[in-house]
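Notes to accompany the following structure.
The values are calculated or read from the model by the stated rules, or taken from the named source; none is laboratory data. Here the structure is a predicted model, which means the values were calculated and not measured. Counting neighbours? That spans all protein chains shown, and the Cβs are built from the backbone with ideal geometry, glycine included. Accessible surface areas use protein heavy atoms only, side chains included; no ligands, DNA or RNA. Shrake-Rupley method; radii C 1.70, N 1.55, O 1.52, S 1.80 Å.
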Amino acid sequence: MRRVQQGDGRALDELVERHRRGLHAFLARRTPTPRRDDLFQETWLRVVRSKDRFDPGLRFTTWLFQIANNLCRDLARRSAVESRERARAAADADAAPRSDPAPRVELRLDVGRRLALLPERLREVLLLRYFEDLPEREIAAIVGVPAGTVKSRLHAAVRALRGQEPDDDD
Amino acid sequence: MTTEAHALCDSVQERLAEAFLAHATPAADDVAHAAACAQCSAARAELAALAAGLAATSAPAPSELLVQRTQRRARAELAALIEREQEEALASPGGSALLLPEGFARECGRLLLGSVAVLPVVLLWNGFVLVFAQRLLAGVVPEALLAVVGGAYVACGAAWLTFLYGSIPFVAHRRARRVPSEVKR
């Protein structure tokens with residue numbers, strides 16, 4: 001990143017190559033819309049534009065995912081269509097009985113949908129912890145909340161995926 | 001179920017969830033408890049199904065086209081940004097001080113050391129040429145002309161050395177910047 005700050009285009013190419021899969025997978029799960037390719041590009045453009053604000057004390061991955069996550073949040077706020085779809089899907093989910101734990105087969109088919117239906121604040125921490133395997137304090141730096149809040153959101157996300165009430169006090 | 005049993009189940013299920021999030025095997029004690037407790041056993045089974053379900057959710061890899069397009073745009077953005085910064089640095093008061101890139105002093109020192117190291121050899125060689133030429137041409141060419149030619153030779157040598165040592169800061173600046181050219185792929 002130091003070389004990028006000095007204007008080395010090859011170093012920038014190396015960074016894009018190194019983080020291509022992880023970043024794209026995160027964006028694909030975080031924002032399951034066709035806009036993920038745009039978000040992928042926009043993330044790297046933001047990296048370049050704010051190159052001088054990179055804190056060498058942070059891991060580059062943390063900073064990269066912070067930028068990507070903020071872009072996803074901005075997109076979610078602007079996207080009224082996604083909100084309506086989520087509300088409609090949530091209404092369908094509410095119609096299903098929740099008192100009994102779902103059978104194992106049904107849960108497997110259901111997981112993708114439940115993941116998409118998780119509230120933003122729960123989904124972002126779950127994706128970063130489960131798929132990117134980041135520690136809680138790094139997730140806290142990315143989403144901008146204390147580590148304790150990350151932990152409670154993670155447990156709430158797991159409860160929601162299991163079909164229970166999330167019950168987080170955020 | 002008593003309150004203590006509830007609390008135990010809650011903490012076991014919390015640890016099972018932690019293990020699920022960390023892709024780790026649950027602790028033997030928790031597994032043993034889950035084997036004996038219907039509620040915790042169901043929780044463990046749900047988490048196992050969740051793990052299988054999440055593993056099946058696909059995340060497509062970025063296409064080569066996307067990656068290359070991104071790299072091109074990002075490089076262009078970076079080049080434009082660096083150019084803007086340099087223009088701003090030039091325009092600002094004391095801007096010339098900001099032009100010196102990192103490593104400039106090091107490159108200058110390196111080049112100076114290299115060129116000073118060969119200077120004695122260069123001077124010896126030219127001195128030898130002058131003395132040899134003077135002895136060779138002493139009887140053939142008038143002394144005055146010989147002095148003029150000798151003086152011109154020395155002047156050329158001095159001009160060449162001046163050019164060589166004078167270009168050191170420029171070469172050092174270029175080497176310190178080390179900005180690769182934007183090669184179109």
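Our analysis of the protein assembly as shown gives Rg over Rh at 1.30, with the two radii drawn from alpha carbon positions and Rh computed by the Kirkwood formula.
The B-A contact accounts for roughly 4300 square angstrom of buried accessible surface, both chains included, probe 1.4 angstrom. The modelled label-to-label distance for the pair B:ALA80/A:ASP74, using points 7 Å beyond Cα in the direction of Cβ, is 1.6 nm. Using the Cβ-Cβ distance between B:THR162 and A:ARG49 with R0 set to 41 Å, the FRET efficiency from 1/(1 + (r/R0)^6) comes to roughly 0.40.
The residues of region B:1-156 present an accessible area of 63 Å² per residue when probed at 1.4 Å with all protein chains retained. Cysteines in chain B lacking any other cysteine Cβ under 4.7 Å from their own Cβ: B:CYS9, B:CYS108, B:CYS156. Listed peptides B:103-116, B:120-133 appear in the order B:103-116, B:120-133 once ranked by packing, highest mean of other Cβ atoms within 10 Å at the front.
What percentage of the solvent-accessible surface of region B:19-58, computed with a 1.4 Å probe over protein heavy atoms, is contributed by carbon and sulfur atoms? For region B:19-58, the apolar C and S fraction of the accessible surface comes to 59 percent. Apply the membrane-span-like helix rule to chain B: whole DSSP H runs, Cα extent along the own long axis of at least 18 Å, mean Kyte-Doolittle hydropathy at least 0.0. List the helices found. Correct list, ordered by number: B:3-21, B:38-56, B:104-137, B:143-166. Shielding by partners for peptide A:15-22, expressed as the average number of C-beta atoms from other protein chains within 10 Å of each residue's C-beta, is 3. Extending 7 Å from Cα along the Cβ direction at B:LEU119 and again at B:ALA61 yields two label points whose distance is 5.8 nm.
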